[in-house]
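Structure first, commentary second.
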Amino acid sequence: MANKIPNRQAICETLMQAAQTDKDIFVLCSDSRGSASLTPFANAFPEQFVEVGIAEQNLVSIAAGLAACGKKAYAASPACFVSTRSYEQAKIDVAYSNTNVKLIGISGGISYGALGMSHHSAQDFAAMAAIPNMRVYCPSDRFQTRKLIEALLQDQKPAYIRVGRNPVEDVYSEEDTPFEMDRATVLSEGQDVLIVACGEMVHPAKEAAANLKAQGIQACVLDMYCIKPLDTQTLLEKAKGVKGVVVIEEHAPSGGLGAAVAQCLVENEPKKCRLLSLPDAPVITGTSKEVFDYYGLSAAGIEKAVKELIL
Amino acid sequence: MDIKELERKSWDLRQDVLDIIMAGGGGHIGGDMSLMNALLVLYKNHLNITPETVEDPNRDRFVLSKGHSVETYYAILADCGFLDLEDVKARFSKFGSPYIGHPNNKLPGIEMNSGSLGHGLPVCVGMALAGKRDGKDYRVYTIMGDGEIAEGSVWEGAMAAGHFKLDNLCAVVDRNGLQISGSTEDVMHHEPLADRFASFGWHVLEVNGDKIEELDQAFAKAKTLKGKPTVIISHTTKGYGSSIMENKAGWHHHLPNAEEYEIIKADFAARKAGV
């Protein structure tokens, strides 16, 4: 892999750049600064960094208190913990009280591979999206992550952002990262099938579309980094005329991107759909690639699903 | 306000609380009564928050962590000019009302939403930390119930407040000794409570919270205590003010009937006359 920069590091770099002139940016960690790639921020801006120890409930509540006093609080902790251990704090102190807290779920999905279900966050999209006034984002690469954080720095509303642990293949480039807040990015146009992906699944979706094209199947690919609010406008526009829709996500089958896409389509533009996701079960042990391949969360898995759906 | 004046006012406001609860058809009257004195003396003599300063970055912050005692909060916010008491009475708990059964920051003067217990203290840690980092001299206050402090998040907050030496933070425990299922010491004991807070790095003050003067002095003293946050353990009487309610766990959220209403009203009037 050419890229060595994980998305979490892109978050740190973007926040450090902004913090040079914006003293209201605060980063909070729960003994997670290393795994969040936020040690450089902590070292460079000690007065804008808060360490709370291994206490995720405290992490989110303290972030909300800081935000209530004008701070732009970025609370970073493993996605498995911040999306469930501190769920009520996210619901009450952040979303319900409408504080400017951005919850950064690091090492999301099955990034922690062999560590087991305690360390997997396959429920975070569903959990966070169910909270009124909570937005849910999952960027696909380092360039999109940077654009997303830059956009989030401009608003005052709560959000949950999931990123993975490991560097991922670039989808975009330094020169070419089309990005509009809360709008999906169209990676390819095609009239046969629509593929909707987010996070680490965007790259295999893009690869699958290229392979399908060589076989005469034209696939439209959407990078739907905005799981909530879902970009329904682009989704419905691109779904028109295709024979089927494939959604791929690193998440349990309930309540994630697939569910959101299916709900929108059923209400507006019914289509045959296929969801490629993690199972509703503890995930098999392995590296990310081994696990993804096992469950068909790969270019080959997408190609197979597309053919089964539309041919 | 001087102490006598506050004492007289407390009885008027207890009557307001009773009327709000009767109008809404429900509430948490037991804890409302034990909370009244601490919240009243805080708003009248210590917080620098007024309807004109609710957006001032230098205002003190208050979070009612025992959010179910919201009827007392409404009565005091109304008396301080944030809310219209008659509007509260007319709409409390009614369909579409902004006056719901727990604090909501869409209402003027309310900083944070609460209701689920164990949130106020950790949120106030964030507020106090912001004040310290900004070099501001505002103070941050929260009031918790004693049943509430069984929540683990309270102690996460207590730990952090001690760690960051937040001497701009003052927490009150409304120590009425009762929760919905009975005595706090039977349900899940908290003693030695003062030692517990002291071991987390806090100054500890203990007062008879049924006496306004003791609370007033404690809040004043807390401002002078440096290097650590301060907790005021306010020993109170649940249902304070009427013999039919006092120290009865069943009055946690009991709605008085017409006969009980008249007894309580008469008790409040008699206690006011005795000030």
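Every number here is computed from the coordinates shown, using simple stated rules; none is lab data. These numbers were taken from a predicted model, which means no experiment stands behind them. Quick reminder, even Gly has a Cβ in these numbers, built from the backbone with ideal geometry, and neighbours come from all protein chains shown.
Taking R0 as 41 Å, what's the FRET efficiency between A:Ser188 and A:Asp22 from their Cβ-Cβ distance, rounded to 0.05?
Here the calculated transfer efficiency is 0.65.
Enumerate the aspartates and glutamates that A:Lys23 could reach by cross-link, defined here as Cα to Cα under 12 Å, with residues fewer than 8 away along the same chain left out.
Candidates past the 8-residue exclusion: A:Glu47, B:Asp134.
Translational diffusion coefficient of chain A at 37 °C, 0.692 mPa s, Stokes-Einstein with Kirkwood Rh over Cα pairs, in µm²/s as a whole number.
Answer, rounded: 170 µm²/s.
List the DSSP H helices in chain B whose Cα atoms stretch 18 Å or more along the helix axis and whose mean Kyte-Doolittle hydropathy is at least -0.5.
B:3-24, B:29-45, B:120-134, B:212-224, B:258-273
Among A:204-210, A:223-229, A:137-143, what's the highest-first ranking by average C-beta atoms within 10 angstrom per residue?
Output ranking for A:204-210, A:223-229, A:137-143: A:137-143, A:223-229, A:204-210.
So which chymotrypsin sites (Phe, Trp or Tyr not before Pro) in the range B:77-123 end up in coil per DSSP with only 10 or fewer other C-beta atoms within 10 Å?
Values: sites: B:Phe82, B:Phe92, B:Phe95, B:Tyr99; in loops: B:Phe82, B:Phe92, B:Phe95, B:Tyr99.
Sites meeting the loop and neighbour criteria: B:Phe95.
Straight-line reach from A:Lys271: which lysines have a Cα under 26 Å away, not including same-chain ones fewer than 8 places off?
Those lysines meeting the cut-off are A:Lys206, A:Lys213, A:Lys228, A:Lys238, A:Lys240, A:Lys243, A:Lys304, A:Lys307.
Which percent of Cα-Cα pairs in the range B:59-156 sits in each 5 Å bin, short to long?
Per 5 Å bin, starting at zero, the Cα-Cα P(r) for the range B:59-156 comes out as 2, 14, 22, 22, 17, 14, 7, 3, 0 percent.
Averaged over peptide A:66-73, how many Cβ atoms belonging to another chain are found within 10 Å of each residue's Cβ?
Values: counts 8, 4, 10, 14, 3, 6, 0, 2.
For this peptide, the per-residue mean of nearby foreign Cβ atoms is 6.
Would you mind telling me the antiparallel percentage of the DSSP bridges in the range A:141-257, rounded to 5? Walk me through the numbers before you get to the answer.
On the way: 4 of 14 bridges.
That works out to approximately 30 percent antiparallel.
Debye sum, Cα scatterers, the range A:169-311, no solvent: what log₁₀ I/I(0) at q = 0.10, 0.11 1/Å?
Reported log10 I(q)/I(0), two decimals: -0.30, -0.36.
Using 32 Å as the Cα-Cα cut-off, could you pick out the over-long pairs in A:Lys72/B:Lys238; A:Lys147/B:Lys136; B:Lys94/B:Lys265? Each step should come with its number before you reach the end.
On the way: A:Lys72/B:Lys238 40 Å; A:Lys147/B:Lys136 34 Å; B:Lys94/B:Lys265 24 Å.
Long pairs (Cα-Cα over 32 Å): A:Lys72/B:Lys238; A:Lys147/B:Lys136.
Output wanted: per-residue J couplings in Hz (rounded whole) for the range A:219-227, from phi through Karplus 6.51 cos²θ - 1.76 cosθ + 1.60, θ = phi - 60°, x for Gly and Pro.
10, 8, 10, 10, 8, 9, 5, 9, 6
May I ask what percent, to the nearest 5, of DSSP beta bridges between residues of chain B are antiparallel?
10
Run through all the Cα pairs of the range B:3-273 and give the fraction in each 10 Å bin from 0, expressed as whole percent.
Per 10 Å bin, starting at zero, the Cα-Cα P(r) for the range B:3-273 comes out as 7, 32, 38, 19, 3, 0 percent.
Averaged across the residues of B:155-167, what count of C-beta atoms belonging to other chains lies within 10 Å of each residue's C-beta?
3
Going by alpha carbons, how many degrees (0 to 90, nearest 10) lie between the helix axis of A:7-19 and the longest principal axis of chain A?
Helix A:7-19 sits at roughly 40 degrees to that axis.
Modelled label-to-label distance, B:Thr53 and A:Asn3, 7 Å Cα→beta-carbon offset: nm?
About 5.1 nm separates the two model spin labels.
Let me check against my output: what whole-number percent is the relative contact order of chain A, with C-alpha pairs under 8 Å and at least 6 apart? Please report the intermediate quantities before stating the final value.
Numbers: 682 pairs, mean separation 51.0, N = 311.
The normalised contact order for chain A reaches 16 percent.
Largest first, please: the extent of the C-alpha atoms of the range B:125-230 along each principal axis, to the nearest Å.
Taking the Cα atoms of the range B:125-230, the three principal extents are 44, 32, 20 Å.
In nanometres, what is the gap between the two model label sites at B:Cys80 and B:Asp12, each 7 Å from Cα along Cα-to-Cβ?
The two pseudo-label positions are separated by 1.7 nm.
Using only atoms on other chains, find how many Cβ atoms lie within 10 Å of each Cβ of peptide B:113-123 and report the average.
6
I want the local charge near B:Lys226. Using Cβ-Cβ distances under 14 Å, sum +1 for each Lys or Arg and -1 for each Asp or Glu among the other residues.
Spelling it out: positives minus negatives among the neighbours equals +4.
Ratio to report: Rg/Rh of the range A:1-62, with Cα atoms as the point set and Rh obtained by the Kirkwood method; give two decimals.
Here the Rg-to-Rh quotient is 1.00.
Can you tell me the mean projection area, over all orientations, of the convex hull of the protein assembly as shown's alpha carbons? Units nm², please.
Mean shadow area of the hull around the Cα atoms is 28.1 nm².
Take every DSSP beta bridge with both residues inside the protein assembly as shown and express the antiparallel ones as a percent of the total, to the nearest 5.
Antiparallel bridges: around 15 percent, rounded to the nearest 5.
Could you tell me which of B:Asn37, B:Tyr141, B:His235 has its Cα farthest along the dipole of the protein assembly as shown towards the positive end, charges placed at Cβ (Lys, Arg +1; Asp, Glu -1), taken about the Cα centre?
Checking the options against the dipole of the protein assembly as shown, the answer is B:Tyr141.
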